[in-house]
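All remarks here apply to the structure that follows.
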Amino acid sequence: MAKFIINGGKKLSGEIAVSGAKNSALAVLPATLLLDGPSTIRNLPDIADIKRKLELMRELGAQVDRQGSTVTIDPASLSKTELNPGLHQKVRTSFLLAGPVVVKLGQIDFPYPGGCVIGKRPIDFILEGFRALGVEIEDHSDGYKLVGKKLRGGKIVFPRVTVTGTEALMTLAVRTPGTTTLINAAMEPEIPALAEFLNSCGARISGAGTSTIFIEGVDHLSGGTFDVIPDRIEAGTFAIMGAATNSHIKVTNVVPEHLETLWGLLKRANVKFELAKDFVEILPHDKMVAIPKDIVTHEYPGLATDLQAPMTVLMTQAQGNSLIFETIFEGRLFYIDSLNSMGADILMCDPHRVLVTGPTKLSGSKLASPDIRAGIALVIAGLIAHGQTEIDNIYQIDRGYERIEQRLQKLGADIKRVEG
Ligand code: EPU
């Protein structure tokens with residue numbers, strides 16, 4: 001298995017451009033199957049999760065032609081109503097394909113989604129929402145069969161905010177006769193981006209980006225074109241990386257409005273930075289201070305759970321005690337032992353909260369990446385640490401960050417990929 005070897009303790013400098021957003025692309029790609037013509041999606045990141053999603057779409061019969069960061073998808077030949085179980089288990093959002101296939105072919109069979117290191121990740125709200133729109137769901141021994149003979153609009157109240165749930169229901173409702181209202185909908189930027197794409201194809205969605213979304217079902221949707229929005233998680237991660245290594249770097253292709261809570265927290269930690277229309281410049285600081293109680297993950301526009309692990313690493317370099325509170329997933333703090341093995345002083349209070357005491361000197365260690373976001377946090381820790389850090393299981397990092405070592409090398413980082 002491939003690993004990263006990092007010789008840390010060096011400052012970074014220069015420019016790094018943010019890629020297209022993984023989670024936006026993972027929602028827009030399946031939606032192209034709903035349409036009555038071919039679509040072109042540009043600015044796709046070249047990462048494992050996207051490759052697998054495209055493979056699943058090909059297996060369903062769609063014509064998928066990828067040239068670099070652009071893909072053309074023609075759903076005319078969509079013919080299969082079963083998801084490949086092996087691939088389905090590996091791409092958490094593969095059930096976003098369910099709505100479009102039900103609309104186009106009347107039914108779909110898909111295996112149970114697997115658990116995941118960051119938590120159980122159930123799909124109960126999504127299945128309930130499908131039922132509310134008239135989808136019949138049969139739970140058989142190894143998965144679900146969804147049949148959509150009499151689809152009709154309806155009101156769906158999500159018990160908790162769910163990003164993929166909002167996307168799945170929006171996608172089904174655009175071709176479902178009548179009006180659908182989604183209440184307590186997710187407001188993450190990926191949601192208005194998906195709505196904008198679908199509306200450009202003739203859908204009638206309003207309110208996306210607020211907690212109530214109205215969708216009028218339509219009979220026909222043309223193909224369309226979409227530029228994947230910049231990845232706000234990558235942008236925030238690079239900004240935190242610059243601050244953690246006390247470097248001067250410019251992060252470009254950023255939508256600063258997507259990260260307001262992060263900027264507020266960085267300011268409070270005494271990180272120096274300047275925001276412009278589409279970039280952020282991280283400047284060297286004198287001394288970072290801890291944030292005692294407000295690093296709390298929350299649905300958008302709160303602090304993204306996907307930035308929690310990088311923020312924890314940052315706080316190991318700040319003066320004082322910072323409590324980090326992960327409210328979205330139950331398994332997202334299991335990288336703490338790795339940071340402590342590098343010299344961090346982090347106390348696990350309960351499965352959702354840790355107390356970081358800083359600043360601490362980190363030193364190189366042998367680690368394994370547990371998931372995408374904890375994985376990149378360990379890369380940041382490796383860049384801060386004195387000595388050599390070895391990170392195993394970097395497939396998890398590759399799932400979310402395109403050619404990350406090459407891009408960091410351009411900032412002067414001493415990081416290399418070693419194929420094992
Ligand atoms: N939930 C349920 N039942 C459901 C749906 C969700 O209990 O039917 C719970 C989840 O278990 C979780 C909470 O609701 O505790 C929120 O989950 P949500 O559905 O919003 O998460 P998701 O859509 O599966 C997306 C991103 C995640 C990101 C979360 C939160 C994608 C592909 N994934 O997941 O991104 O952390 O929203 O913002 O969009 C990542 O990129 O590394 C990643 C994990």
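Values quoted throughout were computed directly from the atomic coordinates according to the rules given, and no laboratory measurement underlies them. Keep in mind it's a predicted model, so treat the numbers as computed, not measured. Every residue, glycine among them, receives a Cβ derived from its backbone with ideal geometry; neighbour counts consider all protein chains shown.
Remind me, relative contact order of segment 183-304 in percent, using alpha carbon pairs under 8 angstrom and six or more residues apart?
Taking the mean separation of contacting Cα pairs over the length of segment 183-304, I get 22 percent.
To the nearest 20 debye, what is the magnitude of the charge dipole of segment 1-103 about its Cα centre, counting +1 on the Cβ of each Lys and Arg and -1 on the Cβ of each Asp and Glu?
Charge dipole of segment 1-103: 560 debye, to the nearest 20.
Can you sort Met348, Met315 from fewest to most other Cβ atoms within 10 Å of each residue's own Cβ?
Final ranking by Cβ density, sparse to dense: Met348, Met315.
Apply the a/c threshold of 1.5 to the C-alpha gyration tensor of segment 32-88 and tell me whether it is rounded, prolate or oblate.
oblate
Let me confirm the definition first: pairs of Lys residues in segment 210-363, 8 or more apart or on different chains, C-alpha distance under 26 Å. How many are there?
The result is 14.
Antiparallel DSSP bridges in segment 320-420: what percent, to the nearest 5?
The answer is about 75 percent antiparallel.
Can you compute the FRET efficiency between Lys361 and Asn393 using 1/(1 + (r/R0)^6), with r the Cβ-Cβ distance and R0 = 25 Å? Round to the nearest 0.05.
0.50
Less than 12 Å Cβ to Cβ from Lys51, Lys/Arg counted +1 and Asp/Glu -1: what total charge do the surrounding residues give?
+2
Label segment 239-305 by shape, choosing from rounded, prolate and oblate, from the square roots a ≥ b ≥ c of the eigenvalues of the Cα gyration tensor; if a/c is under 1.5 it is rounded, and otherwise prolate applies when a/b is larger than b/c, oblate when it is not.
oblate
Restricting to DSSP H runs of at least four residues, report the calculated mean residue ellipticity at 222 nm for the chain, -39500 (n - 2.57) per run over all residues, nearest 500 deg cm²/dmol.
-8500 deg cm²/dmol
Could you pull out every one of the aspartates and glutamates with an alpha carbon less than 19 Å from that of Lys80, ignoring same-chain neighbours closer than 8 positions?
Those aspartates and glutamates meeting the cut-off are Asp36, Glu55, Glu59, Asp65, Asp109, Glu136, Glu138, Asp142.
Over segment 351-416, what is the mean sequence separation of C-alpha contacts under 8 Å (at least six apart), divided by residue count, expressed as relative contact order in percent?
Relative contact order of segment 351-416: 32 percent.
Among Gly165, Ile47, Gly264, whose Cα sits farthest toward the positive end of the charge dipole of the chain (+1 at Cβ of Lys/Arg, -1 at Cβ of Asp/Glu, about the Cα centre)?
Gly264
Sort segment 350-420 into rounded, prolate or oblate with this rule: let a ≥ b ≥ c be the square roots of the eigenvalues of the Cα gyration tensor; rounded if a/c is under 1.5, and if a/c is not under 1.5, prolate when a/b is larger than b/c, oblate otherwise.
Cα axes put segment 350-420 in the oblate bin.
So what is the relative contact order of the chain, in percent, for Cα pairs below 8 Å that sit 6 or more residues apart?
Computed value for the chain: 21 percent relative contact order.
What is the fewest-to-most order of Leu323, Leu151 by other Cβ atoms lying within 10 Å of their Cβ?
By the 10 Å Cβ count, ascending: Leu323, Leu151.
Most fluctuating residue of Ala276, Ala76, Ala98 in a GNM of the chain with Cα springs under 10 Å: which is it?
Ala276
Give the calculated FRET efficiency between Lys287 and Phe334 to the nearest 0.05, with a Förster radius of 30 Å applied to their Cβ-Cβ distance.
0.50
Roughly what % of DSSP beta bridges within the chain run antiparallel, to the nearest 5?
Once the DSSP bridges in the chain are tallied, antiparallel ones form about 70 percent.
For Thr70 and His386, what is the calculated FRET efficiency with R₀ set at 45 Å and r taken between the beta-carbons, to the nearest 0.05?
0.60
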